[in-house]
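Let me begin by presenting the structure, written as structure tokens, before commenting on it.
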Amino acid sequence: MTTAPRIICRAGPSLDALSPVDVNRTPIHIDGPHFEGDVAVRLKDYRGPKSQEGNYARQPEQAFMGEGDTWSISFQGRWKDEVNADEVYLPYGTSAALRFMRYIDPSMDCDLYAEKPWALSPLFATLQYLSAKEASASEGSTSKFVPDTFPEDISPLVPAADADSLRDKPSARQSYFTKAPNRTATKFGPSDLIRGDFSHGFLNFDTLSVSLPGGLSFSLAKYWNGEPVVFSCQKRGTGETFFVVSFTLENDDGGEVPVQEGKGEHDQEEKEGSGADGASASDDVD
């Protein structure tokens, strides 16, 4: 395949209630049983569906928050019931996602050898940027969401003694929430407006390739077997879904790439057997 496949992006309150996302331009509003808010998807060098040729935006209208980022899933919204940060996770449920996510997320707890590979990562330890504030009645989840405007500040959710050391320090906040006691003590709900950005710079959508720290680079097309790559924000234990973002490949002629069972599995076993990644799940995630 000389050009990267087209990518169809959908989002919604659950896997069976997904709607097309206007990538790089307009956030999609999600109103489900457990979460209401807006989700924005930005992909550098995005190649959209054939049916939208000439009408999709190749580049994001809003700049990425991190220098060198190539993709971002941002959100703003309210949880409809009180939860704590130890209950809100991003599961990665496809082998393609797991193959590169385990390299970059030290808080990930995963099993790549299960019949259905899985990974769980605490949302607050995973996000590149996170902000929280009290939601006013007039603002709520329906206020216009611009994904490049929020600061790193979770002061309303953590003890005052911790707030100053975490403000404007994403890496300190990520480290803070790798500790289960900190996650359990951090509660939020309908009165809190949470804004987050999940982004990285390791994906090149123009060539559908991955570049990882240490100089490791490979074609994602070699490993992606056609299954949708799904980022699903869920409640740990119960599986209640807050919001879902799904990426599906499409051929140049407009047909979805068929799922190829077993594609990439042998290569992955060789890569892991050689110890190429050197990564492990955090002992604090339990």
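Read-outs: derived from the displayed coordinates by stated rules, not from any lab. Remember, it's a predicted structure, so these values are computed and weren't measured experimentally. No Cβ is skipped: glycine too gets one built from the backbone with ideal geometry, and neighbour counts run over all protein chains shown.
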Distance in nm between E67 and S19 label points, each 7 Å along Cα→Cβ, equals 3.8 nm
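How high is the FRET efficiency between S136 and K169 when r is their beta carbon distance and R₀ equals 35 Å, given to the nearest 0.05?
Efficiency at R0 = 35 Å is approximately 0.85.
Which pairs in the list K133/K187; K80/K179; K44/K80 are over 21 Å apart, alpha-carbon to alpha-carbon? Mind dumping the intermediate values first?
Values: K133/K187 13 Å; K80/K179 25 Å; K44/K80 32 Å.
As for pairs spanning more than 21 Å Cα to Cα, those are K80/K179; K44/K80.
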Computed lengthening from D45 to D81, 0.36 nm per intervening residue step minus Cα-Cα distance: 9.2 nm
